[in-house]
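Each value in this text was obtained by applying a stated rule to the coordinates, not by laboratory testing. Since the model is a prediction, treat every value here as computed from it, not as a measurement. Here Cβ is always computed from backbone atoms with ideal geometry, including for glycine, and neighbour counts include all displayed protein chains.
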Amino acid sequence: MEAENSYQIFRKVGDNTTVLIEAVKGIEEAQKRVEELNSAGPDQYFVFDSAAAKVIEPSEPSVTKDPFAP
């Protein structure tokens, strides 16, 4: 059985700064958690895959995006 990858969830804050919120196992769990956080308030959250060194978009897991871009 293959181990699930760990993904980090970050919150965007002003001035292109990010704050690590938590790490979860599995992309489905990470995306589910980000959806919950994004629906709870005005802050923006995103999933980061440290193994691939890229941001995972909620609707398009294969697309990367610079989390520090305004």
Does the stretch 6-56 come out rounded, prolate or oblate by the C-alpha gyration tensor, with a ≥ b ≥ c the root eigenvalues, rounded set by a/c under 1.5 and, if not, prolate when a/b is larger than b/c and oblate if not? oblate
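Only counting other Cβ atoms within 10 Å, I'd like Tyr45, Tyr7 sorted with the fewest neighbours first. All intermediate terms of the calculation are to be shown ahead of the outcome.
On the way: Tyr45 20, Tyr7 24.
The order, fewest Cβ neighbours first, is Tyr45, Tyr7.
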Going by amide H atoms built from the backbone, whose H comes under 5 Å of the H on Ile21, apart from near neighbours? Ile9, Phe10, Arg11
